[in-house]
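*Asks:* Structure provided below as structure tokens; questions to follow.
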Amino acid sequence: MKASKELRALGEQELQSRLIESKKELLKLRVHVAAGTNPEKPARIKQLRKTIARIITLRGQGKKGG
């Protein structure tokens, strides 16, 4: 998958910053949903959740050396 390959190419600091950005964006989208408004791209929530999971997984693999 293209997104996974791109994430693997990033360094630890870049992964950390991408993780923080993704979490902030996801929080904003969830606030919109909680407020009762529809986000422009509802599928973006699912995409962000998967991206966050991939980053966390890659960081865990890096610590194990795998």
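The values are calculated or read from the model by the stated rules, or taken from the named source; none is laboratory data. Given the structure is predicted, the values throughout are model-derived calculations rather than measurements. Neighbour counts run over all protein chains shown; Cβ positions are idealised from the backbone, glycine included.
*Asks:* What number of residues in segment 28-52 are surrounded by 11 or more Cβ atoms within 10 Å (Cβ to Cβ) and among the aliphatic types (A, V, I, L, M)?
*Replies:* So the count comes out to 6.
*Asks:* Just to be sure, is Arg30 at pLDDT 90 or above, touching a Leu at 6+ places or on another chain (Cβ under 9 Å) and part of a helix (DSSP H, G or I)?
*Replies:* no
*Asks:* Here is a list: Ser4, Ser17, Ser22. Which entry is of a type outside the set (A, V, I, L, M, F, W, C) and touching a Lys or Arg at 6+ places or on another chain (Cβ under 8 Å)?
*Replies:* Ser4
*Asks:* Has segment 8-21 got at least one residue that is of a type in the set (A, V, I, L, M, F, W, C), surrounded by 14 or more Cβ atoms within 10 Å (Cβ to Cβ) and in a loop (DSSP other than H, G, I, E, B)?
*Replies:* The answer is yes; a qualifying residue exists.
*Asks:* Would you tally the residues in segment 38-66 being at pLDDT 85 or above and over 12 Å from the mean Cα position of the chain (by Cα)?
*Replies:* Residues in segment 38-66 being at pLDDT 85 or above and over 12 Å from the mean Cα position of the chain (by Cα): 7 in total.
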